[in-house]
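What follows is a short report on a single structure.
The values are calculated or read from the model by the stated rules, or taken from the named source; none is laboratory data. Bear in mind the structure is a predicted one, so any value in this text is a computation, not a measurement. All Cβ positions, glycine included, derive from the backbone under ideal geometry; neighbour counts span all protein chains shown. Heavy atoms of the whole protein, side chains included, go into the accessibility calculation; ligands, DNA and RNA do not. Shrake-Rupley method; radii C 1.70, N 1.55, O 1.52, S 1.80 Å.
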Amino acid sequence: MRNKIVQNIIETNSKISILIDESTTNSSSSGMIIYLKASISYDSPVFIFLDLIELKSQTSINIIDQLLECLHQHGFTDIYLKEHWISFVTDGASVLLGKTNGVAARLKEKFPIIFSWHCINHRLELAVNDVLKDITATSYRTVKVVWKMYPALYKHFKEASEDKYRDQKTRSKYKGLCKRLESLQFLSDLALMCDVLSELSQLSLDLQSRDATLIQADKKIKRTIRVIDSLKTINGDYYAEAVEAIEQMMFKDIPLYKKTWPADVNIRFGEQEVKRLCNRFLLNQEKTLRGLRILIDEETNEIEELNEINNLIKTIPCSTAECERGFSLMNIICTDIRSRLTIHNISNLMMININGPPLSIWDPEDYVKM
């Protein structure tokens, strides 16, 4: 089954992304799970479980050696990988994403077109943790001041971004803050925060009352939950004002900005960016540029010439969530009472479970004969 999948990928010259993650089985063996994301028979790219291997050690050199050994064993040659391996996705462990000696850096030396990617879920978790270290709470008073002082903040950021007495880095920072205030999404988020925190602020005051009893507190909390839940369907005061401002593309005399496809598009719009992608990932540049011009001229989405670049974009995964699902299945297979299963057998059982057909359509005849 595994060989047929790999053979199909190679025969169709499909670009591939590789995701890896590490974990420990119930038998205390250190394992590395390997997933692919690639097209099967020219369809849209899908996640494919490739293998689960037992790590001899957790050094970057050993991880690379065992990863490449696994890929070679299943039919991927170095020549194929150099032309078709476009991305490598993993968590943020230093042994994997270290700038100098990490697995990603060493792989890029051998396979130049690889785009290494830090799993966005892990990055989000790290970002949230960093924010919580610096900010203990966001109060209604704070967001209300931002809402009220919106024009003054915008004016300050605008002037600071054009102040020649400030260094370039500082001016760029203020320019970014100014762009943020012009953003439709920022205004929407701020309005929603104002509506929600307004209700929570009032609840806080009610619960601080000396006359409040446990029963009254319970009723007020449940009532506030219902009010906040109603904001999904009925806009609050702040959000309603934001919606009106977005319709007019103007909020308190500040022009709002929405990044969209230009109304009057030059026939060569986006050529340089597309050329860069084609050169980086070894795509047919002439065919792709022809497709781009058809897209601009006819504004249709069904363009055969753009299939290659569309599949490329879809092949790059944003996270290693699929690896985590694989580990969940591994723990279902290798339980406390089945802990003597070898990594090799666990991998085979996972392969059948993840990539195999449903029992209702599986024909065992070929396997029995073999």
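For Phe76, the amide hydrogen comes within under 5 Å of no other amide hydrogen, counting only partners 5 or more places away or on other chains and with H modelled in the peptide plane.
Annotation: amide H of Tyr257 within the under-5 Å range of Ser183, Leu184, sequence separation 5 or more or interchain, hydrogens built in the peptide plane. Quotient of the Cα radius of gyration of the stretch 71-149 and 2.2 N^0.38 Å, N being its number of residues: 1.75. Rg and Dmax, both from the Cα atoms of the chain and both in Å, are 27.1, 81. Rounded, prolate or oblate, given the Cα gyration tensor of the stretch 212-274, with a/c below 1.5 counting as rounded? Cα axes put the stretch 212-274 in the prolate bin. For the pair the stretch 343-361 and the stretch 141-208, the centres of their Cα atoms are 52 angstrom apart.
Normalised by 2.2 N^0.38 Å, with N the number of residues, the alpha-carbon radius of gyration of the stretch 189-238 equals 1.22.
Over 28 Å apart at the Cα level, from the set Lys148/Lys232; Lys133/Lys258; Lys56/Lys369; Lys108/Lys275; Lys232/Lys314, are Lys133/Lys258; Lys56/Lys369; Lys232/Lys314.
Determine, from the Cβ-Cβ distance of Ser44 and Lys369 and an R0 of 35 Å, the FRET efficiency 1/(1 + (r/R0)^6), rounded to the nearest 0.05. FRET efficiency, Ser44 to Lys369: 0.55.
Using a/c under 1.5 as the rounded threshold, could you call the stretch 1-97 rounded, prolate or oblate? The axes a ≥ b ≥ c are square roots of the C-alpha gyration tensor eigenvalues, and prolate needs a/b larger than b/c, oblate otherwise. Prolate, since a/c reaches 1.5 and a/b exceeds b/c.
The angle separating the long axis of helix 120-134 from the principal Cα axis of greatest extent in the chain is about 40 degrees. Leaving ligands, DNA and RNA out of it, report the carbon-plus-sulfur percent of the accessible area of the chain at a 1.4 Å probe. Answer for the chain is 53 percent, counting heavy atoms of protein chains only. Taking loop as defined by DSSP and a crowding limit of 13 other beta carbons within 10 Å, which chymotrypsin sites (Phe, Trp or Tyr not before Pro) in the stretch 41-74 fit? Sites meeting the loop and neighbour criteria: Tyr42. From its DSSP helices (H runs of at least four residues, each -39,500 (n - 2.57)), the chain gives a residue-normalised ellipticity at 222 nm of -17500 deg cm²/dmol. What the chain shows is 63 Å² of accessible area per residue, with the surface traced by a 1.4 Å probe over protein heavy atoms. Among beta bridges identified by DSSP and lying wholly in the chain, the antiparallel ones come to about 70 percent.
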